[in-house]
Amino acid sequence: MDKVFASLKALLAAVGLALFLMQAALADPPPSMEYFEDSSKEISAEDVIRKPRDWRPVTRDHPRLGFSFSRFWFRFQLPNDGRYGSPKETLFFEILSTYLGRVGFYSTVDGKILESAIAGLDVPVSQREPQLVLPTGPTIFRLATPRDPRAVYFLSVEGTYPLEVSMTVRGAATFIAERSKYMMMLGGFFGLLVLAALFNSFLAGSLRSWMYFNYSLFIFSIAFLYLGHEGLTVQFFWPENPWWAAREMHIYGGISLFFYAQFVREFLGSREITPKLDRVLIALVAVSTVRMAWAFFHYSQLTAMVGSLSVTLSNLVVLVIASIGLAKRVKAAILFFVSSLVFNLSMILFAAQESGLIYLGEFMRHAPHIGTSLEVILLSLALADRIRASDRELAEQRAMMMHSEKMSALGRMAGELAHEINNPLAIIHGNAVMLRNLAGEGKPAQPKMAQMAETIEHTVNRISKLVKGMRALARDSKKDPFQDTPVSSVIQDALGLCQDRARKVGVEIAFQNPEKEPHLKCRSSEICQVLVNLLNNSIDAVEGSASPWIKVDVQTKGDRVEIVVEDNGHSVPKEIRSRIYEPFFTTKEAGKGLGLGLSVSRTIVEGHGGTLLLDEESATTRFVLSIPAPSLQKA
């Protein structure tokens, strides 16, 4: 949670800084604006200017006209009351809307056109008037100076997206200051994207990871998306190709969604944590891809809206997947959830404003920049955390391998030692049998001799059983085949290794052979190792208790055999239950355990197609080892 709060603080600070940098000191919008709709798109500028039309007042500062294939005309005047400086001051008329197909600007006096210019995505750069149309943005016009107080300005607009026409007039000083600040912000923004893309490309090559490869391609496509969003691709890459200029944004959007979805599926593991939403995400990517291909043949506002809708819905699905991952304690989901939330919020607000549903201010034109920057930063932090986690896992694996080598060496030594012990045990056992036979000849001391012989024979059997268990536990059985084994024999081997230690702490491990003997198809030495680990944990837990008890039970449930190890010792605290299977996690004192017992045990059980779970509903400490019955077990 500390990481989440730290991320949120950084997020809020970044948002505040971004809003401060992006909020422009705008002048008032043109007053007394009127408009009319030319559905035929055939009325000339001269006819619009000279002939009477059904002009309607613009009732809001930022006209929102929605879906339309018409051409809209606007007209306004600039009052000579000082709001726009002196008539000699240069003014810039800027249309803040991003996706406009064709924009015409006309300056008139007494019905005569003094100056005109055209711009927009459908207009090649060579056809734009350089003295009137600024190359620093998609639609920025310079008003002629000195301004005639009688001048009437006309504007024609055609859209490639649902129309929302935000306009403003700014003096040269304000315009240059705000534009410089904005270009500095853009430089930092694109620098961030390029560095993130190159860094992740390097990681993709070094780690040979498709996840980092998809993420780097996602960032590259996003960079091109924003270059198009700012009109920079039209100006520098294909200034004479309006066909591509009108489509490139939605092509980049579809490509970025494709790589983003691939990255999400691998990073969050959506196929495992929520397969249904994973299929929904795939379906939305397919819709976006089909729409992207269709745009090459038939492009319209509806095509653009389908693309925007599929991208928006996909991002919302990703947000839900991240929240589910967060609920399921997926480590990678925390920063991903925060980044996805910020990105979705910024894109939804931007799309809503571009579609004419809301208007939250000029700075919302840059909401995607804010959301994308924060998402790239947070996801880079998440990827860095993933690398650290991978390093920790590698260190744990190396430690487990070292531990495994030690145990293997001990196993070999135990096997040799057991072989050496078995030979003298056989001699002792033979002599004990001879003593018992001599006791049958009727000499006076014979009853006592028979008792001694019986004690020796019983002790030898105990030692032999213990040695057998040690040999079974210590041997490397990874390459052994699965064999049909009675459950009770595996449990008895484990009890033989643990009973003496249990008696020292004052407890007898209770176990009663079931009436109907179930069988397992398993590697018996590995299941024995699991039971020894569980029993040793129980012995540690009940040590020092007033009335300690440990019991082992066998149950058959459907097609599975369950071995239950239960004790009345101190229970596992709730706050650490999710961590007890982690390698090297232990609550024991130093020197009493490495914290590998449950981790290794769970790995062994899962290798047998079973499960090892702590019964969290039980009042006592109760571990349940469940393995499929032989009829369903696959070796």
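His298: accessible area at probe 1.4 Å, nearest 10 Å²?
100 Å²
Quote to one decimal, in nm, the extra length available between Ser40 and Ser489 on full extension: 0.36 nm per residue of separation minus the C-alpha distance between them.
That pair, Ser40 and Ser489, stretches by 152.5 nm at full extension.
For region 142-152, what does the Karplus curve 6.51 cos²θ - 1.76 cosθ + 1.60, with θ = phi - 60°, yield as ³J(HN,Hα) per residue in whole Hz, taken in order and with x for Gly and Pro?
Couplings: 9, 7, 5, 10, x, 7, 7, x, 8, 4, 10 Hz.
In whole angstrom, and with the biggest value first, how far do the Cα coordinates of region 112-187 range along each principal axis?
Extents along the principal axes: 42, 32, 26 Å.
Under a plain spin-label model, where a point goes 7 Å from the Cα along Cα-to-Cβ, how far apart in nm are Met452 and Val290?
For the pair Met452/Val290, the computed spacing is 9.5 nm.
Can you give the FRET efficiency to the nearest 0.05 for Asp81 and Asp110, using r as the Cβ-Cβ distance and R₀ = 22 Å?
0.55
Work out how much length Arg577 to His298 would gain on full extension: take 0.36 nm times their residue separation and subtract the Cα-Cα distance, in nm to one decimal.
94.6 nm
About the Cα centre of region 175-309, what is the dipole size in debye to 20, counting +1 per Lys and Arg Cβ and -1 per Asp and Glu Cβ, all else neutral?
Charge dipole of region 175-309: 260 debye, to the nearest 20.
Where does each of Ile282, Ile49, Ile95 land when they are ordered by accessible area, with a 1.4 Å probe and the largest first?
Sorted descending by solvent-accessible area, the residues read Ile282, Ile49, Ile95.
If you place +1 on the Cβ of every Lys and Arg, -1 on the Cβ of every Asp and Glu, and leave all else neutral, what size is the dipole of region 33-97 about its Cα centre, to the nearest 20 Debye?
For this selection, approximately 80 debye.
How big is the accessible area of Leu217 in square angstrom, nearest 10, if you roll a 1.4 angstrom probe over the protein chains?
50 Å²
Working with all protein chains in place, sort Ile456, Ile118 by solvent-accessible area computed with a 1.4 Å probe, largest first.
Final ranking, largest accessible area leading: Ile456, Ile118.
Of Lys551/Lys574; Lys516/Lys574; Lys521/Lys557; Lys276/Lys328, which sit over 26 Å apart, Cα to Cα?
In this structure, Lys516/Lys574 lie more than 26 Å apart at Cα.
Sticking with the crude label model, points 7 Å out along Cα→Cβ, report the distance from Ser545 to Trp243 in nm, one decimal please.
Label-label distance for Ser545 and Trp243, simple model: 8.1 nm.
Describe numerically, in nm with one decimal, the distance between label points set 7 Å from Cα along Cα→Cβ at Asp480 and at Ala510.
Placing both labels 7 Å beyond Cα along the Cβ direction yields 3.0 nm.
What ranking of Arg602, Arg265, Arg291 comes out by heavy-atom accessible area, probe 1.4 Å, highest first?
From most accessible down to least: Arg602, Arg265, Arg291.
Given the protein chains as shown and a 1.4 Å probe, how many square angstrom of Lys41 are accessible, to the nearest 10?
Only protein atoms counted, so the area is about 80 Å².
The values are calculated or read from the model by the stated rules, or taken from the named source; none is laboratory data. Just so you know, these numbers come straight off a predicted model, no measurement behind them. Cβ sites come from the backbone with ideal geometry, for glycine too, and all protein chains shown count toward neighbours. Please note that ligands, DNA and RNA were not included when accessible areas were found on the heavy atoms of the full protein model with its side chains. Shrake-Rupley method; radii C 1.70, N 1.55, O 1.52, S 1.80 Å.
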